[in-house]
Amino acid sequence: MQRATYGRSPPLHHPVPQHVSTVPQLRSPPPPTSQPIAGYDGSPYPQQQPQPPLPGANMFGQYGNFINDPAAQLASQFGQTAFRQGQEYIEQNVNRFVNVSALKHYFVVTNSYVINKLFLVLFPWRHKPWTRRQAAGPSGQEAWYLPPRDDINSPDMYIPVMSLVTYIFLQALISGLKGQFQPELFGYIATTALVAVVVEILGLKLGCYLLSVSNESQLLDLVAYSGYKFVGVIVTISIAEIVNGGKGTGGWIGWTVFIYTFLANSLFLMRSLKYVLLPENNSDSRGPMQTMHPLDSRTKRNQRTQFLFFYAYIVQLFFMWILCRS
């Protein structure tokens, strides 16, 4: 039996609204805030109210009483005692070789003294007088040399030490600009400079011993004077490197500057070391400054003059040449 066929029904169309209405969005009101109960913050444990600080109490609490602790005071006293004993031990052992109180005398300098001294080392040609100034001692019977701060002719160790350090860094800087810097270079330059100073001082001491020259402060004076040559060496290296474009101290300009600084340093040493090797014969011999008896023979004085000339010119020429070429 066949089902009867009917005609197709038309498609269904959904109605389209003609007026679009906006539905407002509804939000739930915020939950009511409940007032917390005094002394209760939701924790089941009882809370302690902070106590206001008492007047005069330490703001750091229990740690603020560390200084007042007996154990801390005992440790502080023990540290001070140990430091004091160590300082005394060092001074006692160092004083065996070097008189610390006398060494401090050579570092009493001012800015004006340093500037004038550097000018004197480089331009000693017209400087007068060269004699060192003296001051009467506490008893009035002894005379002592004034410190460098009060006397331009007094030797110091500030300029020699700073010149030595500057020389080491200057040579290292020049090597670095040439691309030849190595960390070992500092040790090599410092060793060369110190060996030159030590050998020079040993030769001076040997000459003073053979010529019977004695002075309480002679060693420290010789150490100070042996370091002034670094001023001329620094000037020579600096000018030569700038003029020659980093090609060293060669050339006629470098040699001209070297000869000038060498002659200036030699004349400075000749005039300054005269009071050590050729002291004036004063009838009033006071304290540690009398280094030569008035009755010394003319022969010995001539020997001292020749030794002074040999040291100021021949020895200085040799060591300054090594330092400038190293």
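The values are calculated or read from the model by the stated rules, or taken from the named source; none is laboratory data. Remember, predicted model here, so these are calculated numbers, not experimental data. When we count neighbours, we look across all protein chains shown, and the Cβ atoms used for this are built from the backbone with ideal geometry, even at glycine. For accessibility, only protein heavy atoms count, side chains too; no ligands or nucleic acids. Shrake-Rupley method; radii C 1.70, N 1.55, O 1.52, S 1.80 Å.
Mind telling me which of the residues 146, 185, 164 ends up being aliphatic (A, V, I, L, M), within 15 Å of residue 225 (Cα to Cα), in contact (Cβ under 8 Å) with a residue 12 or more places away in the chain and open to solvent by less than 80 Å² (accessible area, probe 1.4 Å)?
So the residue among 146, 185, 164 that is aliphatic (A, V, I, L, M), within 15 Å of residue 225 (Cα to Cα), in contact (Cβ under 8 Å) with a residue 12 or more places away in the chain and open to solvent by less than 80 Å² (accessible area, probe 1.4 Å) is 164.
For residue 269, work out the one condition from (1) open to solvent by less than 40 Å² (accessible area, probe 1.4 Å); (2) more than 22 Å from residue 131 (Cβ to Cβ); (3) modelled with pLDDT of 90 or more it doesn't fulfil.
(2)
Pick from the range 167-182 the residues that are touching a residue at least 40 places away in the same chain (Cβ under 8 Å) and within 15 Å of residue 242 (Cα to Cα): which of them is nearest to the chain's Cα centre (by Cα)?
Going through the qualifying residues, I end up with 170.
Which of the residues spanning the range 177-220 are outside any helix (DSSP H, G or I) and over 25 Å from residue 304 (Cα atoms)?
178, 179, 180, 181, 182, 183
Would you say residue 200 is among the acidic types (Asp, Glu) and open to solvent by 10 Å² or more (accessible area, probe 1.4 Å)?
Criteria not met by residue 200.
When you check residue 180 against the structure, is it open to solvent by 80 Å² or more (accessible area, probe 1.4 Å) and of a type outside the set (D, E, K, R), yes or no?
yes
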